[in-house]
């Protein structure tokens, strides 16, 4: 059975639209800076202590109106002695690093020295955050005298209304319980991510649904 020109047009146009959206989707997923104070000077003499005997350093942030997949993190680390080890970054939902982590990743072969050194690491899949929510990033390390560098200016990290807002860090004096208020000590850090948008496969399903509706309408007509 031959299809009329109007029916062919009603089928081809949605297919081209879906194909165009699928092709355009990667450009919409360009990485953007969500938190950043790397333009500030590193406080080489100070820093947040995190070592193999502590519970780590939890940093609290909130999301704005957009959900994101976190792509990379930059921070500056040091140690009172030169040592090579690893650090683990874990993402938790809510205001404390409790329960099961949403995602966790360990970075090995990291050199800790007496001089604060900035390093950038790519994050694996799974470091995803929903809109309008609170999350905690927990930093832990295998070294004995590690430090995460802070900034000398005390700048508050901020990604704007559509990015993330840094709320502070919490302290665990006994290595077990997180107590006290969140302090606004600001680590030297940059966090990037991509906005969550429909994948090409989801767009394809949308296109198939559109074609089904068109076909049904033609049959009924």
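The values are calculated or read from the model by the stated rules, or taken from the named source; none is laboratory data. Worth saying up front: this structure is predicted, and the values here are computed from it rather than measured. Reconstructed Cβ throughout: ideal geometry from the backbone, glycine too, with neighbour counts over all protein chains shown.
Take the stretch 62-86 and flag every residue that is outside any strand (DSSP E or B) and more than 18 Å from residue 52 (Cα to Cα). If you could, list the steps in order and put the result at the bottom.
Going through the stretch 62-86, the residues outside any strand (DSSP E or B) turn out to be 64-67, 80-82.
Matches in the stretch 62-86: 64, 65, 66, 67.
Of the numbered criteria (1) farther than 22 Å from residue 38 by Cα; (2) exposed (fewer than 14 other Cβ atoms within 10 Å of the Cβ), the one residue 114 fails is (1).
Only a single item in (1) at negative phi; (2) modelled with pLDDT under 90; (3) in contact with a strand residue (DSSP E or B) (Cβ under 6 Å, 6 or more places away or on another chain) is not met by residue 47, and it is number (1).
Among the candidates 109, 94, which residue alone is farther than 18 Å from residue 138 by Cα and modelled with pLDDT of 85 or more? Sole residue among the options that is farther than 18 Å from residue 138 by Cα and modelled with pLDDT of 85 or more: 109.
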